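Nothing in this text is a laboratory measurement; each read-out follows from the coordinates by a stated rule. Computed from a prediction, not measured in an experiment: that's the story for all the values here. Note that we place each Cβ from the backbone using ideal geometry, even for glycine, and neighbour counts take in every protein chain shown.
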C-alpha cells in the first residue's frame, strides 16, 4: 500500500513528516504562497508551499530548487487530479480547516484530471451524468457512509437474533408482484422475468423452516414514472420470520431495526450530518405511533384534505398530511398506517379474522413518505388460493409458490423497505436519485 | 409472537412447562407410547406421549380425555406439518437426542403438510425441484447459517476499515465483461443488459474518491454450461480499494477477510460442521502460498499433467493438481496463482512494469477450485485505452467507463469472489447447487 496518512488521522499526530494522498479540491496559487486543499475519503487538509517563482541555477541550493519545482507543479495542478504529497505536518489553530496544515516537500501527480464538467450547483440530471464526480462532494460521500453504518447495524440485529441471510434469485419464471411493471428477458429456450421483490422466496424460507431471514438486494420495476420516489432498480431491505401472531410482531421487529440503525447513525455521523445537511438525526422512540388507514383518512379530511382516489387507498399528499399530524400530535417522525383494505393489498396479505375487508398489514411512513410495506402473510393454503382467485390470478402460474403452503408453513410475516427512501428522508434530500449510488429510471441507464 | 422456546434453548432450562413449535420430522407411533421428533430452525427435540388408545367416557377423568385426544392427533400427524406443543420438559440422560424430552400436554397442528415427494437421498435435481423441503434438512440449513456468519465477519472487517458499502446497478447500457454470456432485455425505448459483474462500478467508486468499497450482490452470466461450478445467477463478493502498490495489497486484504470469515465459522459452527459434513474447518495461516502461473504449469507438468489448452491459461484439472501440490508441500488449502498472461486477462488488468506480457493479477484456488480473481487495475487512461484496443474492444461502448479515468483515479485494485463456491469447497460439497439458496441454470428457473 502507498504509505499515507488518512486526513482524518492527522489531527492526532504530532508535528512532523507525513504523506497524504487524495484529489485536488481547490488551488489558491498566490504570488508568495500557494495553497492546495487535498481531499481523501476521510476529509480535507490544507497543503501549503512558499512559492519560489525564480531560480538562479548558480546561487540556489538544492532545497530552493525543490521548492521551485513544487511551485511549478502546483501552478499546473488541475482540480480533481489525484496527488500524493509528502511534507511536514504543523498544528496551527489559525488554519480554519481543522487547525493544521502540511508544508509540502514533494508532490507527485498520480492521475491527472480533465476539467470537471459539473459543479456542486449543476442540475441534478447533469450531476447524475457525471455521478462519479458528483460523489466526490463530501455531502454525497457521507450519504454512502451513513448507508454503510445503517445496514451494518440492521444486520447486526438480525445476526444476533439468529436470522439467516439469504440471496434470492432475481431471475424468475413468473411475476412476483404483478404482470404490470415487469422486465422480461430471453432465457435460453424460454423467458425469464426480473424479480419485483423477493416476496415469494422469503416466504419459501418459512416453509423451509429457516425461522427468520433477511436480505438486502436489488429489486426491479419497469415503472415508467418519473417521481422523486421511484426507480426501475432499487435496493430493497427485506425480512421475514415465523411464528408471529399478527402484523404487530412485524412492526415490533421493524421498530427495533430502525432504532438500532438510527442510533448507529446518530452515534457515528450525527455531527457530520448536522453540518452537511442541517439535519438532526432523531433516534425514534418506541412504540412508533399507529393509525388505522380509516382513521388516517378521517384525520386528513378534518385537516381539509379529501384524498382524491376512487379506491380505498391513501395518496402521497394524504401520507404527508397524516405524517404532519403525527409529528404535531406525538412529536414522532414515523407512523404505521395499519388495517389496509383487502381490496388494495396483494392476495398474500392475511385478512383480518372476523373482518376480511381489512388486512393484517401496514405501511410505514417516515417524514411524510411511505418507506415500507409489511404484513402478516396468509399461510393457510385454502384461504390463500381463494384470495388469489379473488384477485383474478392464475393458480397455475403460482403453482410453485402455492406448493410452499401445501407442505406446511408456520404463521409468518415480514416487510420490504426501500433503502434509498430511508436515506432520502433521514437526510432531508429531495429525491432518491441523490441517495442511490447509480440511479436507474426509464431514461437513465448510464453511467 | 407465539410464546415458544427455541429447541436449542431447552438444554439450559430447568424441568418444567414449555412450549415448542416447529415441524414434524418423524413420528414413532408405538402402541403404548408415542414419540414425535419436532425440529425448528435451532435443532430437534423428542416429544413423548403415553398413548391412551381407548376412552371410557363414564370413568375417564379430564386428563385421560386430553391424553386420548393427543394420542389420536399424533397418530394422524403428517411428516412436515408445523405444530405447536405444550408440555413438561424433563432432562433425562437416557434420551439420545440431547438428553431431554418434552411430555406433551397439548398439541396443535398449525399447518398440515402433504406427504413429502423427496427424501434426503433423492437425486440432486429432484431435491432442487422441491428445494423448500430439501432445505429443511439440518445439513442444508447449516449451510445458510454458515453463509450468514461468513458474510457478517467479512462485512465487519470492511466496516472497521472504513470501507463503504455500495449497491451497483444490475441494469447496464453495455456489457461489463464480454459480449458473450450476456442477458439482454427490452428497457423502455432501448435495451439493457444484466451486469456480469460490478467491475466498472466498483472502479467508479475509486474515481469518486470512496477509498475502499464492498458489495455482496447478484451477478448474471448467460452461461450455457452445466458444470458443478457455474450458474447463470450467483452471489458475488466484491471489494475494491485505492492507493495500492500492486496486486500484493489486494491479496493481503483478501487473506485478512478469509481468515476473519473462517475464524468466525470455526468459532460458531465448527462442531456442527464436523458432525454434519465430516469436515474440519481450518482457519488458514497467513500468508497464503503464492505460485506464479508459469511455475504452476511446470509443477503440474512434473506431476505428469500437461494442461491441454491452446492458450496460456490453466484448466480445472491443473488447478486441482497445483492445489494438491500446495496441500502436500505447505499443508495449505489456499493458493494464489499469480502473474497471469496478459493474453488471457481482461483489458482492465494492469500489466507488469517492464514485462507487459504478464498482469498484476491472481486467481485464488481453494481446495482445488478457483473461487476468485483479483488484480491491480490499469488506472492510466492512455494505457487503458491502448489495452482496450489491443483486446478488440470498441472505445465508444466503453466511453462512460473510460471517463472515470480521464477525470483522475488513484492506483487501485480488488477482487470478485463467488460465495457459493467458497461454501461448497469449505463444506466439501459436490456442487454450488447445494450451497445456493435457489440455483439458476440454463434449464432451471423454478422454484
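Details
- Residues residue B:286 and residue A:13, FRET efficiency given R0 of 25 Å [Cβ-Cβ distance, rounded to 0.05]: 0.30
- Helix B:138-160 vs. chain B, principal-axis angle (Cα, 0 to 90°, nearest 10): 50
- C-alpha center-to-center spacing [region A:99-138, region A:179-217] in angstrom: 40
- Footprinting exposure proxy ranking of A:56, A:245, fewest other C-beta atoms within 10 angstrom first, gives A:56, A:245.
- Compactness index (Cα Rg / 2.2 N^0.38 Å), the protein assembly as shown: 1.04
- C-alpha long axis of helix B:293-302 to longest principal axis of chain B, angle in °: 70
- Mean separation of Cα pairs under 8 Å and 6 or more residues apart, divided by the residue count, gives region A:345-413 a relative contact order of 30 percent.
- Relative contact order for region B:7-111, counting Cα pairs under 8 Å that sit 6 or more residues apart, in percent: 32
- Spin-label pair residue A:352/residue A:382, simplified geometry with 7 Å Cα→Cβ offset, distance in nm: 2.4
- Beta carbon of chain A nearest to the axis of the rotation taking A to B, residue and angstrom distance: A:185, 2
- Placing a label point 7 Å from the Cα of residue B:245 along the Cα-to-Cβ direction, the residues of region A:76-91 whose backbone N falls under 19 Å of that point are A:83-87.
- All Cα pairs of region A:208-342, percent lying beyond 25 Å: 45
- Radius of gyration and Dmax over the Cα atoms of region B:1-45, both given in Å: 11.7, 36
- Debye log10 I(q)/I(0) at q = 0.16 Å⁻¹ for region A:307-388, Cα point scatterers: -0.64
- q = 0.10, 0.19, 0.22 Å⁻¹: log10 I(q)/I(0) that the Debye formula gives for region B:175-278, counting C-alpha atoms only: -0.45, -1.10, -1.18
- The label-point distance for residue A:32 and residue A:341, in a model that sets each label 7 Å from Cα toward Cβ, rounds to 7.7 nm.
- Among A:90, A:391, A:31, the residue with the largest mean-square fluctuation in a Gaussian network model of chain A, with springs joining Cα atoms closer than 10 Å, is A:31.
- Degrees separating the helix B:62-75 axis from the principal Cα axis of chain B, which is the longest one: 40
- A:187, A:362 arranged by Cβ crowding within 10 Å, fewest neighbours leading: A:187, A:362
- Shape descriptor for region B:85-133: Rg over Rh equals 1.18 (Cα atoms; Rh from the Kirkwood inverse mean 1/r).
- Quick note on region B:171-228: its Rg to Rh ratio, both from C-alpha atoms and Rh being the Kirkwood radius, is 1.04.
- Taken as Cα centroids, region B:408-447 and region A:386-447 sit 24 Å apart, rounded to the nearest whole angstrom.
- FRET efficiency estimate (nearest 0.05) - Cβ-Cβ, residue A:399 to residue B:275, R0 30 angstrom: 0.25
- Across every pair of non-identical alpha carbons in region B:91-168, the mean reciprocal distance, once inverted, gives a Kirkwood radius of 17.2 Å.
- Calculated log₁₀ intensity ratio I(q)/I(0) where the Debye formula runs over C-alpha points of region B:23-90, q = 0.17, 0.22, 0.27 Å⁻¹: -0.61, -0.94, -1.26
- Globularity index of region B:294-447 is 1.21 (Cα radius of gyration / 2.2 N^0.38 Å, N = number of residues).
- Of all the options A:60, A:285, A:342, the one that moves most in a Gaussian network model of chain A with Cα springs shorter than 10 angstrom is A:60.
- For residue B:29, the point set 7 Å out from Cα toward Cβ sits 9.0 nm from its twins in the other copies, listed from shortest up.
- Pairs of Cα atoms farther than 28 Å apart, region A:80-234, %: 52
- The other copies place their residue B:188 label points at 3.3 nm from this one, listed shortest first, where each point is 7 Å from Cα along Cα→Cβ.
- Contact order, relative form, for chain B: 12 percent (alpha carbon pairs under 8 Å, 6 or more residues apart, mean separation divided by residue count).
- The tail of the calculated P(r) for chain A, taken as Cα-Cα distances beyond 36 Å, holds 41 percent of the pairs.
- Distance between the modelled labels on residue A:65 and residue A:311, one decimal in nanometres: 7.9 nm (7 Å Cα→Cβ projection).
- Within a Gaussian network of chain A (alpha carbon springs, distance under 10 Å), most fluctuating of A:367, A:72, A:141: A:72
- Exam field: residue B:298 pseudo-label spacings to other copies (7 Å along Cα-Cβ), nanometres: 8.5
- For region B:1-115, the fraction of alpha-carbon pairs in successive 5 Å shells from zero, as %: 2, 12, 23, 24, 19, 12, 5, 2, 0
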